[in-house]
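Trainee: Submitted below is the structure of interest, expressed as structure tokens.
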Amino acid sequence: MSWFKRPSPKHPQEIRVPRVQFLGEQDGPTEQLLKDRLSEFFKRDRSVHAAYLARVDVGGQTSVALCLKTQFGPDRGLAEKIGAIFKTIFNAQVHLDIMFPSATQETELTKVCKPFFLAQEN
């Protein structure tokens with residue numbers, strides 16, 4: 001599984017994690033603003049098929065991850081564009097984890113979290 005963290009304001013860093021547990025959807029007024037802006041971007045970008053904002057447990061630490069099912073899999077350029085949108089809403093001290101789940105992981109994810117974006121099939 002590929003996982004991007006944004007430890008600095010410049011570029012996301014790709015890391016690999018052995019296991020992630022999906023805990024549920026992350027939602028609230030600020031998160032809804034982020035979801036709305038990302039949905040608009042995904043409609044234009046067209047490489048994202050589904051997007052989830054989920055609470056996750058990775059190695060005993062709970063965080064929030066943007067989980068993306070994309071046309072081409074992990075994409076650093078996409079992660080950078082998402083980071084630019086994210087930083088218009090959140091301050092520089094907050095980071096966003098971006099995850100590209102496998103099909104098995106997405107099945108686990110959908111049990112506890114609904115997608116906030118689904119691409120329209122043409």
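Trainee: Putting +1 on Lys and Arg Cβ atoms and -1 on Asp and Glu Cβ atoms, find which of A92, A79, V112 reaches farthest to the positive end of the dipole of the range 72-112.
Mentor: A92
Trainee: Moving to a separate point now. Which of the peptides 63-70, 38-45 is most tightly packed, and how do the rest follow, judged by the mean count of other Cβ atoms within 10 Å per residue?
Mentor: Numbers: 63-70: 20.9, 38-45: 15.2.
Output ranking for 63-70, 38-45: 63-70, 38-45.
Trainee: OK, next. Sort the following peptides by mean Cβ neighbour count (other Cβ atoms within 10 Å, averaged over residues), highest first: 88-95, 110-117, 48-55. Before the final figure, lay out each step's value.
Mentor: Numbers: 88-95: 10.9, 110-117: 16.4, 48-55: 20.5.
The packing order, highest mean first, is 48-55, 110-117, 88-95.
Trainee: Take the alpha carbon gyration tensor of the range 55-122, find the square roots of its eigenvalues, order them as a ≥ b ≥ c, and report rounded if a/c is under 1.5; if not, report prolate when a/b exceeds b/c, else oblate.
Mentor: The shape class here is oblate.
We did not get these values from a lab; they are worked out from the coordinates using the rules stated. Since we're looking at a predicted model, the values are computed, not measured. Every residue, glycine among them, receives a Cβ derived from its backbone with ideal geometry; neighbour counts consider all protein chains shown.
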